[in-house]
Amino acid sequence: MDKVSIAVFASGTGSNARHLIELERANALHPAHVAVLVSDQPQCQAVAFARLANIPVWAKKHKEAGGKEAFERAVVSFLQEHDVRLVVLAGYMRLVGSVLLDAYEGRIINLHPSLLPTFKGLDAIGQALDAGIQQTGVTVHYVTAGLDDGPVIAQTPVAIKPTDTKETLSARIHEAEHELLPEVVRTVCLLLKENEDK
Ligand code: GRF
């Protein structure tokens with residue numbers, strides 16, 4: 001098989017989701033193919049962009065879907081219909097539950113704006129600024145049941161300047177994310193392809 005279908009999960013702006021979609025359009029994401037976008041926030045920008053780009057979207061709030069388990073069961077069916085082999089959490093603001101984990105164990109990766117294990121959870125950029133340190137960064141890791149807790153795949157450090165605000169630091173964190181995430185997606189998809197071709 002030539003391409004590896006991936007699902008991108010996002011809950012907000014979706015700059016990382018958008019970047020992956022644009023790279024694929026420029027033939028720069030091989031062998032990954034952004035097959036679908038999944039969201040728990042139907043009105044978010046990530047969903048709007050994916051629809052414009054003609055990417056199949058599954059987007060519902062947990063409540064509308066009948067709770068977290070029902071949400072994940074429906075999402076897993078949608079992923080399977082589209083032959084998704086890797087799930088990429090890029091600004092997805094929900095903890096993954098057991099239904100999705102059981103179906104895609106070892107094939108879910110998450111992007112986090114800190115050098116894990118430091119600054120897990122919400123507002124990692126604010127946490128780094130409050131800590132008064134000189135360096136933070138971004139991490140891509142495999143997802144397990146714990147919050148921001150699975151094995152690290154790759155990290156990029158980002159320097160914190162004394163003059164940084166949340167806005168300026170977030171902008172540099174995003175630049176680093178837009179480099180690191182596609183690199184990891186390409187590599188993990190290559191590995192999946194090699195394993196399946198064996
Ligand atoms: C990123 O900083 C990512 O690390 C975090 O959420 C943010 C999403 O940004 N998990 P965007 O929606 O892709 O612009």
Filter segment 80-107 for residues that are over 15 Å from the mean Cα position of the chain (by Cα) and in contact (Cβ under 8 Å) with a residue 24 or more places away in the chain; the one that is nearest to the ligand (Cβ to nearest atom) is Gly97
Residue in segment 130-152 that is nearest to Leu191 (Cα to Cα), counting only those that are among the hydrophobic types (A, V, I, L, M, F, W, C) and surrounded by fewer than 16 Cβ atoms within 10 Å (Cβ to Cβ): Val152
Pairs where the first residue, in segment 174-198, is closer than 16 Å to Tyr104 by Cα and the second is charged (D, E, K, R) and at pLDDT 95 or above, C-beta under 6 Å, 6+ apart: Leu192/Arg85
Checked against (1) surrounded by 18 or more Cβ atoms within 10 Å (Cβ to Cβ); (2) out of contact with any Lys or Arg (no Cβ under 6 Å at 6 or more places or on another chain); (3) among the aliphatic types (A, V, I, L, M), Leu86 satisfies every condition except (2)
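If I filter segment 84-99 for residues that are over 28 Å from Ser114 (Cβ atoms) and part of a helix (DSSP H, G or I), do I get at least one hit?
Taking segment 84-99 as the starting set, the residues that turn out to be over 28 Å from Ser114 (Cβ atoms) are none.
No; the residues of segment 84-99 include none that is over 28 Å from Ser114 (Cβ atoms) and part of a helix (DSSP H, G or I).
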Any residue in segment 8-20 that is of a type in the set (Ser, Thr, Tyr), surrounded by fewer than 20 Cβ atoms within 10 Å (Cβ to Cβ) and more than 13 Å from the ligand (Cβ to nearest atom)? no
Exactly one of these conditions fails for Ile160: (1) surrounded by 15 or more Cβ atoms within 10 Å (Cβ to Cβ); (2) more than 14 Å from the ligand (Cβ to nearest atom); (3) under 20 Å from Ile21 (Cβ atoms). Give me its number. (3)
Being surrounded by fewer than 18 Cβ atoms within 10 Å (Cβ to Cβ) and of a type in the set (D, E, K, R) is the filter here; which residues of segment 40-83 pass it? Arg51, Lys60, Lys61, Lys63, Glu64, Glu69, Arg73, Glu81, Asp83
Leu37 vs. criteria over 19 Å from Val96 (Cβ atoms), within 16 Å of the ligand (Cβ to nearest atom) and surrounded by 18 or more Cβ atoms within 10 Å (Cβ to Cβ): no
Considering only residues that are under 15 Å from Val88 (Cβ atoms) and of a type in the set (Val, Ile, Thr), which ones fall in segment 18-53? Ile21, Val34, Val36, Val38
Cβ pairs under 8 Å, 6+ apart or interchain, first in segment 136-150 and closer than 24 Å to Ala103 by Cβ, second among the small types (Gly, Ala, Ser) and part of a loop (DSSP other than H, G, I, E, B), ordered by first then second residue, are Thr139/Ser114; His141/Gly150; Tyr142/Gly106; Tyr142/Gly150; Val143/Gly150; Thr144/Gly150; Leu147/Gly121; Asp148/Gly121
Cβ pairs under 6 Å, 6+ apart or interchain, first in segment 14-27 and of a type in the set (Val, Ile, Thr), second within 13 Å of the ligand (Cβ to nearest atom), ordered by first then second residue, are none
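The values are calculated or read from the model by the stated rules, or taken from the named source; none is laboratory data. Owing to the predicted nature of the structure, the values given are computational and were not obtained by experimental measurement. Reconstructed Cβ throughout: ideal geometry from the backbone, glycine too, with neighbour counts over all protein chains shown.
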